[in-house]
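Only one structure is covered here, and it is reproduced in the block below.
The values are calculated or read from the model by the stated rules, or taken from the named source; none is laboratory data. None of the values given here were measured: they were computed from a predicted structure. Heads up, the Cβs are rebuilt from the backbone with ideal geometry, glycines too, and the neighbour counts pull from every protein chain shown. The area values use the complete protein model at the heavy-atom level, side chains included, leaving out ligands, DNA and RNA. Shrake-Rupley method; radii C 1.70, N 1.55, O 1.52, S 1.80 Å.
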Amino acid sequence: MSALLSLSFLVCLSACTPPPASPPASPPASPPPRPSGAGAQAARAAPVNAAKWSGAWTLRLLAEPQDGGSAALSAALGQPVQAWQGGRPPTRPGEAAILWLGAEFPAAGLLQRIQGQGPGEVIAILAAPGAAWREEIGAALPWQGVSVVDPRQSLALWADPSGASGALLGLTAAFVLAEHYRAPFTPQPGPWPPVAAVWLGPPQPLSTDLPIRAEQARRGGPEIEAAAAALVTDADPAVRLGLSVSVRQQPILLRLADDPEPMIRARAADRLDDLPKLRALLSDPSSLVRVVAAHRLLQAGDAPGLAIAARSPDAYVRWKAAAGLTDARLLAGLLADPDIDVRRAAALQAGTLATLPPELERALISGAADSNSFVRRWCMEGLARAQTPAAQAALRAGLTDSTLLVAAAAAKSLSAQGTYVATAPFVPQGPPADDAGRDQRAQSADATVRKDLCKFLADRADSLRWLEPLSRDPDSEVRKSAVEAMGWRAAEEPAFQAALLAAVADPDPDVRITALDGLRRAGAGQAGQAQTLLPLLAHADAEIRLRAAEALAAVPAPPPELRALSADPDERIRAAVVRAFPDALDPADPSLLVRWTAALPSLPPEEQYRIRGILAREDDLLHERFSWNRPEDRPAAYRSLRPPVIREYGHPDRG
């Protein structure tokens, strides 16, 4: 999912080319349309190996040609710019080569020139103005082992980036790099867009202007800490939301955990130390708050709180509990959970326990034959310390698993017991070259190969011939990936919509959620869609209820039964209803998301950018907490630099 940048700006402008003194005369009528995202989604999972380096980084800047943007980048990072001589910049351990691309190099030629590898990292800054070129290159470079920074996309978290000067783009890129590599720089005054100036310039006295005050609260610092007792009761929830991100004082966070606005409660819960309060938040009306509270209890290792979470109707909350439980009985129960991710988290956690009680060992042995390859893999690892004949038989059987990652996990467990077994490593592959390659991967015995193929089919109009059979694959990880890929084409292709509707009945809740999200993006009703989805509006799991509501809200004529959810306790569900029935909005609704959903289309472009930026940063928190339980669970590819994802708020996708 998504691992995403939440940017603050601190920049040095000495020797920078100055930006224009006034904004462009004719701002766009509305923000630019979001791209399909299929290629970018695949690129976010490209097998880029982030350099294994724990010391201070050395940054080296290269550009061809050099311009005002590269000069701003140089000044902000305090590094000279060298001429790029072509080819992949060589790197040493602990060195990051930063390549400023201010011109639109032909895509094929650039990709060929930049191939290779090294012990450091290579980062391309896509500074050329062409949106189509940046999208194409940004989706392709990660497969060459190159990280990507798109300063316009980062700047769009605050303001319209279309008229940004080269200097502003250089400074934006400089902060992204400085934050990632913890490089020093100094903020400088400049005629920046008002909200961005909070981050670009030196600290200013607390403003009376709402958007600026909200950003100042989010930025934090001694002045905000001193004013926290007053800001916690600020009349505008955007200011309180900013405060909940930055304030360090536990008594203030405890007050914010009772705020009417759910995003504020979630931010406060994410940093709260009060265990009784966190346990109480497991019953919060907002599913976001419930998941964040469960995550915090997981971090704290709070056994009573995790026991409560293990009995939640929400799979996401049970998934958090499974990752930290030490109660063997509860863990064994979660190994039989209907949700795949709950089962695999329970298997992984079982392998960390000091002892493996018989009931838990039996559950792991049963899971070692699960139809889902990820569950089998983690059950194999969980059996590492089980030396009973039944466990040994399960591990030996795992050695012949057709999915290499499962076989490797079985071999790893046997090796830990003193029986070394060699297995072939799994090597992720890039896009297949032709239909024959696609056919070969679709028929592979390895579920991981079949799963990975799906992401390369998401932007192809002819992909149904592979995706529809894969959406019925025995392995639900493959089915989920196929369904997600079909969702990118469903708006244009009725056959894709029909396949998504069939997948709503899948036994794996994750596949069902993915199918519902694809129907939401399609926004076109299928025959029988309402009859299929309406019963899900009463589902016990909030995430399934939400996705069904959003899919129904997106069709041209939403069913009137959807309106009844305008009073649902969960703010994301209310926002879906308001999108379909604007007159159902309660003006006193405490949720910014719900009110902004109704108001956004009628707001000026700059205000739309500001609101989308706030929601994108809150979406970052949601995706982090809904995607990974521990920092080490986050795949290496998601730790690489990528442009921020600016999308509709609140559609997480685990892992």
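Taken about its Cα centre, the stretch 275-381 carries a charge dipole of roughly 180 debye when the Cβ of each Lys and Arg holds +1 and the Cβ of each Asp and Glu holds -1. Of all the accessible heavy-atom surface of the stretch 453-567, with the other protein chains kept in place and a 1.4 Å probe, what percent is carbon and sulfur? With neighbouring chains kept in place, the figure for the stretch 453-567 is 57 percent.
Here the calculated FRET efficiency for Thr419 and Ala229, from their Cβ-Cβ distance with R0 = 45 Å, stands at 0.10, rounded to the nearest 0.05. Placing a pseudo-label 7 Å from each Cα along the Cα-to-Cβ vector at Ala495 and Ala131 gives an inter-label distance of 3.0 nm.
Here's the picture: a label point sits 7 Å out from the Cα of Ile212 along the beta-carbon direction, and within the stretch 175-198 the residues with their amide nitrogen under 20 Å of it are 187-198.
Thr352 exposes around 90 Å² of accessible area when a 1.4 Å probe is run over every protein chain in place.
Modelled this way, with points 7 Å down the Cα-to-C-beta line, the labels at Asp583 and Ala336 are 5.1 nm from one another. The alpha carbon centroids of the stretch 117-153 and the stretch 345-422 are separated by 39 Å. Computed over protein heavy atoms with a 1.4 Å probe, the carbon and sulfur contribution to the accessible area of the stretch 316-406 reaches 57%.
For Leu536, the solvent-accessible surface with a 1.4 Å probe is about 10 Å², rounded to the nearest 10. In this structure, the amide hydrogen of Glu121, modeled 1.01 Å from its nitrogen in the peptide plane, lies closer than 5 angstrom to those of Glu95, Ala96, Ala97, counting only residues at least 5 positions away or on a different chain. Remark: accessible surface ordering of Arg574, Arg617 (largest first) is Arg574, Arg617, probe radius 1.4 Å.
Normalised per residue, the accessible area of the stretch 418-516 is 42 Å², obtained with a 1.4 Å probe and no contribution from ligands, DNA or RNA.
On the basis of the beta-carbon distance and an R0 of 51 Å, Gln443 and Ala540 show a calculated FRET efficiency of 0.85. In the calculated pair distance distribution of the stretch 301-359, what percentage of Cα-Cα distances lie above 17 Å? Every Cα pair in the stretch 301-359 considered, those over 17 Å come to 24 percent.
Around the amide H of Trp100, modelled in the peptide plane, lie the amide H atoms of Leu62, Ala63, Glu64, Ile125, all under 5 Å away and 5 or more residues distant in sequence or on another chain.
For the stretch 118-128, 3J(HN,Hα) computed residue by residue from phi via the Karplus equation (6.51, -1.76, 1.60; θ = phi - 60°) reads x, x, x, 10, 10, 10, 9, 9, 8, 9, 5 Hz, glycine and proline entered as x. Of the listed residues Arg563, Arg472, the order by accessible area with a 1.4 Å probe, largest first, is Arg472, Arg563.
The residues of the stretch 206-356 expose on average 35 square angstrom of accessible surface per residue, using a 1.4 Å probe on protein heavy atoms.
Measuring nothing but how far apart in sequence close Cα pairs (under 8 Å, 6+ apart) lie, relative to its length, the chain scores a relative contact order of 14 percent.
Among the protein heavy atoms, those of Arg547 account for about 10 Å² of accessible surface (1.4 Å probe, every chain in place).
Specify whether the C-alpha gyration tensor of the chain places it in the rounded, prolate or oblate class, a ≥ b ≥ c being the square roots of the eigenvalues: rounded for a/c under 1.5, otherwise prolate if a/b is larger than b/c and oblate if not. Note, shape of the chain comes out rounded. Using only side-chain charges placed at the Cβ, +1 for Lys and Arg and -1 for Asp and Glu, the dipole size of the stretch 265-336 relative to its Cα centre rounds to 100 debye. Picking from Ala124, Leu288, Ala303, whose Cα lies most toward the positive end of the charge dipole for the chain (charges on Cβ: Lys, Arg +1; Asp, Glu -1)? Result: Ala303. Annotation: per residue accessible area for the stretch 581-640 equals 40 Å², rounded to a whole number [probe 1.4 Å, protein chains only]. Normalised by the number of residues in the stretch 130-248, the average gap of Cα pairs under 8 Å and 6 or more apart makes the relative contact order 15 percent. With r as the distance between the Cβ atoms of Gln299 and Ala107 and R0 = 41 Å, compute the FRET efficiency 1/(1 + (r/R0)^6) and round to 0.05. For R0 = 41 Å, the calculated efficiency reads 0.45. Do any of Lys277/Lys480; Lys412/Lys480; Lys277/Lys412; Lys277/Lys451; Lys52/Lys451 go past 29 Å between their Cα atoms, and which? Exceeds cut-off: Lys277/Lys480; Lys277/Lys412; Lys277/Lys451. Potential lengthening of the chain between Ala433 and Arg329 amounts to 32.5 nm, from the contour at 0.36 nm per residue minus the alpha-carbon distance. The stretch 281-318 and the stretch 457-486 have Cα centres separated by 32 Å. Shape class for the stretch 516-647: oblate, because the ratio a/c of the largest to smallest gyration tensor axis (alpha-carbon atoms, square roots of eigenvalues) is 1.5 or more and b/c is at least a/b. Would you mind classifying the stretch 413-554 by shape? Square roots of the alpha carbon gyration tensor eigenvalues, ordered a ≥ b ≥ c; an a/c under 1.5 is rounded, otherwise it is prolate if a/b is larger than b/c and oblate if not. The shape class here is oblate. Take every pair of alpha-carbon atoms less than 8 Å apart whose residues are at least six positions apart; their mean separation over the length of the stretch 204-305 yields a relative contact order of 19 percent.
Taking 0.36 nm per residue of separation and subtracting the Cα-Cα distance, full extension of the segment from Thr352 to Ser366 would add 3.2 nm.
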